[in-house]
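Peer 1: One structure is given below, represented as structure tokens, and several questions about it will come after.
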Amino acid sequence: MENENIENNELAKEPVSNETEADKKLKRRFISGILIGALCALFVFSAGAIMFILTTGVRSGGQNENGVLNSETIKKVKMLENLVDTNYYKDDVDKATEAEGIYKGLIESLGDPYSVYYTADELEELKAVTKGVYYGIGAYVGMDQEKNVPVITGVMEGSPAADAGLMEGDIIAEVNKESIQGLTLDEVVAKIKGEKGTSVHLTLVRDGSVENVEVDVIRNEIQVPTVTTELLKDGIGYLKISEFDEITTDQFTEGLAELRASGIKGLMIDLRSNPGGNLVTVCDIARQLLPKGNIVYTVDREGHQQNYTCDGTRQIDIPVVVLINQYSASASEILAGAIKDYGIGKLVGVKSFGKGIVQSVFDLNDGTAVKLTVSDYYTPNGYNIHGIGIEPDVEVELDIEKAQRDKIDNQKEKAIEVMKELIDK
């Protein structure tokens, strides 16, 4: 079976608003820890969507004189290589690394932040991520779009990151005493990741701290639940999905069954700060909620449409409320969008991230792979939310100061209020 995956990317575009500088500063702190769900690893929070398809290989069309790999470019590459070999001040240049640079440069030349060349190590990491088993420090890392710096956007309870005192909003200035200025998010994460039991030193810029915060974090294997449940008052079942991994379907099924066994009158699904995950997973979960019809569909450049459908045999029969925020992306938007389009639930929070294009990862049969943008995706009613996001039915901004100071989640409180109204109808 093809492994189809929806991931996320780091290029969030904040909508134009009339926010004050203080408001923006609070937003840059992202979101209070009480709202961050279980985190399965040091995982790039780079909100977006990818359909992960490992093919058996790619077809070769041979050398094309009108293409990039023609006699002129080959000649120039050889010239550059010769210049490096004879003039570069170090004589230990790794030829394999040089070759990887050529491959990466070709894909980067597309100017598409979602298209990437994966080395063998990077591909293995990508495969591991989709299974919900990670080796890292237990923190989400994203990019602050205004400052263009990597930021801790979530810390898992009980993780190495939590034990080391990392906090949401911490800006990563250095990794192992080396500046990360100018590096991509993937490059920063690669520096932080490492073998189990090894240590990584982070230099952090923390709001309210005069000096940089220096911490050592011991890397570890992290495998934690991606679904958490809670039985709220008035018969409301609360179910939070932190991301959509291969392990998430069973966890969702079990969690929903436990809540239903408790006699809940309504289901609240929390997708806030959920960066996405596996397409197969989100579709399997959607089939436990939606009526008959499309869950999502994709359209490629030739106009070919692929439908991901639901037979409607397990449509939920109680009110549903979904919590979303500006970091709900990809698979989260697929689920939230379908629930909204079919009118089986209300969305509460703020507009979602907005990414409606799909990537495929093609195995190159030598342990490496290339990820390319291949199509758009659409909600059941035909909406492409790329760069737009999904508007909630009930908009409510997170009161970050209240969340941090009083541990009060005003978005969740509003969702409870909306749910009670639906139950009482």
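The values are calculated or read from the model by the stated rules, or taken from the named source; none is laboratory data. As the structure is a prediction and not an experimental result, all values here were calculated from the model. Reconstructed Cβ throughout: ideal geometry from the backbone, glycine too, with neighbour counts over all protein chains shown. Calculation scope for accessible area: heavy atoms of the full protein, side chains included, ligands and nucleic acids excluded. Shrake-Rupley method; radii C 1.70, N 1.55, O 1.52, S 1.80 Å.
Peer 1: Being at pLDDT below 90, surrounded by 22 or more Cβ atoms within 10 Å (Cβ to Cβ) and within 20 Å of the chain's Cα centre (by Cα) narrows it down to one of Ser330, Ser352, so name that one.
Peer 2: Ser330
Peer 1: Something else now. Going through the range 111-123 one residue at a time, which ones are of a type outside the set (Gly, Ala, Ser) and touching a residue at least 24 places away in the same chain (Cβ under 8 Å)?
Peer 2: Correct list: Asp112, Pro113, Tyr114, Val116, Tyr117, Tyr118, Thr119, Glu122, Leu123.
Peer 1: Another question, if that's okay. Would you be able to say whether some residue in the range 305-318 is part of a loop (DSSP other than H, G, I, E, B), open to solvent by less than 40 Å² (accessible area, probe 1.4 Å) and closer than 20 Å to Lys414 by Cβ?
Peer 2: Checked the range 305-318: at least one residue is part of a loop (DSSP other than H, G, I, E, B), open to solvent by less than 40 Å² (accessible area, probe 1.4 Å) and closer than 20 Å to Lys414 by Cβ.
Peer 1: Among the residues of the range 178-220, count how many are under 17 Å from Pro150 (Cβ atoms) and among the small types (Gly, Ala, Ser).
Peer 2: 4
Table: residues versus (1) within 23 Å of Asn325 (Cα to Cα); (2) in contact with a strand residue (DSSP E or B) (Cβ under 6 Å, 6 or more places away or on another chain).
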position: Ser109; (1), (2): no, no
position: Leu123; (1), (2): no, yes
position: Ala128; (1), (2): no, no
position: Glu146; (1), (2): yes, no
position: Ile152; (1), (2): yes, yes
position: Glu178; (1), (2): no, no
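Peer 1: Still on this structure, please answer the following. Quick one: how many residues across the range 394-425 are assigned to a loop (DSSP other than H, G, I, E, B) and either over 23 Å from Glu333 (Cβ atoms) or open to solvent by 70 Å² or more (accessible area, probe 1.4 Å) (or both)?
Peer 2: Of the residues in the range 394-425, 5 are assigned to a loop (DSSP other than H, G, I, E, B) and either over 23 Å from Glu333 (Cβ atoms) or open to solvent by 70 Å² or more (accessible area, probe 1.4 Å) (or both).
Peer 1: Write out, first by first residue and then by second, each pair whose Cβ atoms fall under 6 Å of each other, whose residues are 6+ apart or on separate chains, and whose first residue, in the range 268-285, is crowded, with 24+ Cβ neighbours inside 10 Å while the second is modelled with pLDDT under 85 and in a helix (DSSP H, G or I).
Peer 2: Partner pairs satisfying both residue conditions: Arg272/Leu35; Asn278/Thr130.
Peer 1: Just need a number here: residues in the range 200-227 that are modelled with pLDDT of 95 or more, under 22 Å from Ala128 (Cα atoms) and open to solvent by 60 Å² or more (accessible area, probe 1.4 Å).
Peer 2: Of the residues in the range 200-227, 1 are modelled with pLDDT of 95 or more, under 22 Å from Ala128 (Cα atoms) and open to solvent by 60 Å² or more (accessible area, probe 1.4 Å).
Peer 1: Return yes when Glu391 is at pLDDT 95 or above, open to solvent by 40 Å² or more (accessible area, probe 1.4 Å), assigned to a loop (DSSP other than H, G, I, E, B) and closer than 23 Å to Tyr140 by Cα and no when it is not.
Peer 2: no
Peer 1: Might you check whether a residue that is within 22 Å of Thr184 (Cα to Cα), surrounded by 12 or more Cβ atoms within 10 Å (Cβ to Cβ), of a type outside the set (Asp, Glu) and in contact (Cβ under 8 Å) with a residue 40 or more places away in the chain occurs anywhere in the range 99-108?
Peer 2: Yes, the range 99-108 has at least one match.
Peer 1: Mind checking which residues of the range 373-388 are in a strand (DSSP E or B) and either basic (Lys, Arg) or open to solvent by 40 Å² or more (accessible area, probe 1.4 Å) (or both)?
Peer 2: Hits for the range 373-388 are Thr373, Val374, Asp376, Tyr378.
Peer 1: Now for a different question. Inside the range 241-258, can you point out the residues that are open to solvent by 10 Å² or more (accessible area, probe 1.4 Å) and either closer than 20 Å to Asp409 by Cβ or not in a helix (DSSP H, G or I) (or both)?
Peer 2: Selection gives Glu246, Ile247.
Peer 1: Specify the residue that is farthest from Tyr103 (Cα to Cα); the eligible residues are those in the range 69-92 that are open to solvent by 80 Å² or more (accessible area, probe 1.4 Å) and either touching a strand residue (DSSP E or B) at 6+ places or on another chain (Cβ under 6 Å) or among the hydrophobic types (A, V, I, L, M, F, W, C) (or both).
Peer 2: Taking the candidates together, the pick is Leu83.
Peer 1: What strands (runs of 3 or more DSSP E) lie completely within the range 88-182 and have 1 or more residues being touching a helix residue (DSSP H, G or I) at 6+ places or on another chain (Cβ under 6 Å)?
Peer 2: Output list reads 116-118, 139-144, 149-155, 171-175.
Peer 1: When you check Thr309 against the structure, is it of a type outside the set (D, E, K, R) and under 30 Å from Glu108 (Cα atoms), yes or no?
Peer 2: no
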